[in-house]
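Computed from the coordinates by the stated procedures, all read-outs in this text should not be read as laboratory data. All values reported here derive from a predicted model rather than from experimental measurement. So basically every Cβ, Gly included, is an ideal-geometry build from the backbone, and we count neighbours across all protein chains shown.
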Amino acid sequence: MSSTLYDFGMVGLGTMGRNLLLNIADHGFAAIGFDLDVSKGKLLEEAASKGTTVKGVSTLADMVSQLKTPRKVMMLVPAGNPVDMVIKDLLPLLEEGDIIIDGGNSHFTDTLRRIQFLEDKKVHFMGMGVSGGESGARFGPSIMPGGDQSAWTHLKPILEAVSAKVNGEPCVAYMGRNAAGHYVKMVHNGIEYAIMQLISEVYDYFKRSMNFSNDELHEIFKKWNAGELQSFLIEITADIFPRKDDLSSNRLIDSILDKAGSKGTGKWTSQEAMDLPVPLPTVDLAVAMRDLSVYKDERMSAEAVYKPKVRVFTGDREKVIQQMHDGLYLSTLICYAQGLAMLSKASVERKMEIPLKDVVSIWRGGCIIRSTLLETFTTAFKKQADLPNILLDKKIAAIVKKKQANLRKAVQLFAGAKVPAGAMSSALAYFDAYTSGRMPTNLIQAQRDYFGAHTYQRLDQTGSFHTEW
Ligand code: 6PG
């Protein structure tokens with residue numbers, strides 16, 4: 001057995017596990033990884049940078065016996081049963097005070113259950129969101145750890161070293177108690193779904209109503225990425241359009257089937273939002289559109305029945321590009337508003353004490369939803385840590401007021417052209433309802449009382465009232 005004592009262990013040497021471990025080693029920590037597949041351990045060692053200490057082993061016991069105490073063992077295995085299996089195998093090998101980290105996209109209720117189970121055994125368990133994909137893991141992800149504070153103290157130096165940095169500040173921070181790490185990552189993914197849906201709607205309008213070529217689309221998104229819409233998702237969107245297809249003479253984007261996959265985190269966000277309850281309509285819509293995309297054959301049949309004709313745009317193109325830009329900018333801001341309002345409510349309801357100013361700060365770099373907007377939100381939460389909704393911040397309100405008319409115009413353009421824009425419309429509807437001091441729910445109360453004697457409250461008197469309608 002080697003005499004080197006390792007600082008960090010990884011279970012699961014798929015691309016994410018390998019890349020994160022190599023990143024850890026590059027920052028001067030001795031890193032060891034376990035995978036049943038011996039070839040993955042070899043791949044890890046071969047990919048290690050010169051002068052770093054990296055080892056791949058094929059038994060858990062071999063890895064655990066070479067770790068410094070308290071042992072830090074991270075899992076990057078598929079969510080669900082595999083996580084429980086690894087915990088079961090690890091437990092007999094660990095001692096009191098050791099730390100298990102689940103870096104996958106686990107459901108927060110599973111994380112809560114695991115924390116309680118391991119608490120009895122005096123082993124710390126941290127649910128930790130990791131965002132940024134393969135390249136993020138290798139060169140700097142955004143990391144969202146939650147759970148045990150004392151375990152966080154042990155992990156902090158390593159995670160701060162390997163995370164992405166924005167203005168020298170690490171994109172990792174303690175996200176709160178219990179399952180806060182996985183909860184914050186779940187909401188991150190919900191926002192990710194919503195922004196991706198918004199971008200795809202704008203693409204749809206540009207392509208089908210304005211007949212923009214892929215080269216023109218590339219130019220527009222590239223230009224947008226150099227301005228206030230700058231974000232990772234806009235950047236990769238610009239990159240996608242010029243890519244040639246290896247298997248045909250098309251651009252690759254035009255050869256890709258319009259059925260979206262999903263691993264569930266967007267759906268979990270919507271389900272949990274309804275349970276809290278907190279309104280999250282743009283994420284709900286994004287999930288629904290991915291679901292609808294799967295009904296390809298039925299959509300084709302419906303198209304044959306209704307023969308919708310997309311109205312081809314004629315007019316001032318530059319003006320419309322600007323309206324779409326502002327519509328996308330503001331609806332994206334509203335998506336973040338919905339997600340952050342959900343975290344604010346969940347922080348209290350689920351007893352997680354989530355520091356929202358740290359959430360927006362660590363989302364500025366490394367993660368999929370990183371964007372310059374996050375800088376504005378960080379300033380807002382620094383001013384008021386318990387801001388229930390970013391739309392209430394004065395500086396943000398000033399931005400919203402400037403863009404509002406163009407968001408409205410963009411939604412009209414979509415409807416007029418028969419191009420679906422559920423996400424953008426839902427963002428506008430959320431905004432209009434959120435900023436309505438009086439909603440039409442008085443009528444809903446009257447109806448409920450009419451057919452079910454459910455009673456209603458009055459504006460001018462306290463108590464419950466019922467009318468024989
Ligand atoms: C990230 C991503 C990552 C992944 C999700 C979403 O932050 O790095 O969110 O976790 O892309 O699994 O995938 P689906 O679109 O398949 O749900």
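Worth a mention:
- Bridging of residue 401 to lysines at a Cα separation below 17 Å is possible for 409, once same-chain residues fewer than 8 apart are set aside.
- Gyration tensor verdict on segment 384-469 (Cα atoms; rounded if a/c is under 1.5, prolate if a/b is larger than b/c, oblate otherwise): oblate
- The relative contact order of the chain, computed from alpha carbon pairs under 8 Å that lie at least 6 residues apart in sequence, is 13 percent.
- The ellipsoid that matches the Cα gyration tensor of the chain has semi-axes, each √(5λ) in whole angstrom, of 42, 30, 21, with the longest given first.
- Here the gap between residue 389 and residue 247, fully extended at 0.36 nm per residue and compared with their Cα-Cα distance, gives a gain of 46.4 nm.
- In plain terms, the chain from residue 438 to residue 258 could stretch by 60.8 nm, reckoned as 0.36 nm per residue minus the Cα-Cα distance.
- Model label points for residue 314 and residue 139, set 7 angstrom from Cα along the Cα-to-Cβ axis, are 4.8 nm apart.
- Rg ratio for segment 57-167: its Cα radius of gyration over 2.2 N^0.38 Å, N being its residue count, equals 1.04.
- Per-pair calculated FRET efficiency, R0 = 41 Å: residue 304 and residue 119 via Cβ, rounded to 0.05: 0.10
- Fraction of beta bridges assigned by DSSP in segment 1-125 that are antiparallel (%, nearest 5): 0 percent
- Gyration tensor verdict on segment 47-99 (Cα atoms; rounded if a/c is under 1.5, prolate if a/b is larger than b/c, oblate otherwise): oblate
- Degrees, to the nearest 10: 38-47 long Cα axis against longest axis of the chain: 80 degrees
- For segment 107-222, alpha-carbon Rg over 2.2 N^0.38 Å: 1.43
- Between residue 49 and residue 239, the contour length at 0.36 nm per residue exceeds the alpha carbon distance by 65.5 nm.
- log10 of Debye I(q)/I(0), alpha-carbon scatterers only, for segment 168-225 at 0.17, 0.21, 0.23 Å⁻¹: -0.72, -0.84, -0.91
- Within the chain, percent of DSSP bridges classed antiparallel, to nearest 5: 35 percent
- Per-residue ellipticity at 222 nm from helix content only, as computed over the chain with -39500 (n - 2.57) for each DSSP H run of at least four residues, stands at -17500 deg cm²/dmol.
- Cα-based helix-to-principal-axis angle, 108-120 vs the chain, degrees rounded to 10: 30 degrees
- Taking θ as phi - 60° and the Karplus parameters 6.51, -1.76 and 1.60, the scalar couplings of segment 185-198 work out to 5, 4, 5, 3, 5, x, 5, 4, 4, 5, 5, 4, 5, 4 Hz in sequence order, x denoting glycine and proline.
- Proximal lysines relative to residue 50, as straight alpha-carbon distance under 30 Å, when same-chain residues fewer than 8 apart are discounted: 40, 42, 68, 72, 156, 165
- Degrees, to the nearest 10: 214-225 long Cα axis against longest axis of the chain: 80 degrees
- Rounded to 0.05, the FRET efficiency of the residue 208 and residue 465 pair, given R0 = 56 Å and the Cβ-Cβ distance, is 0.65.
- The percentage of C-alpha pairs in segment 229-368 whose separation is greater than 23 Å is 57%.
- Overall form of segment 1-74 per C-alpha gyration tensor (a/c, 1.5; a/b vs b/c): rounded
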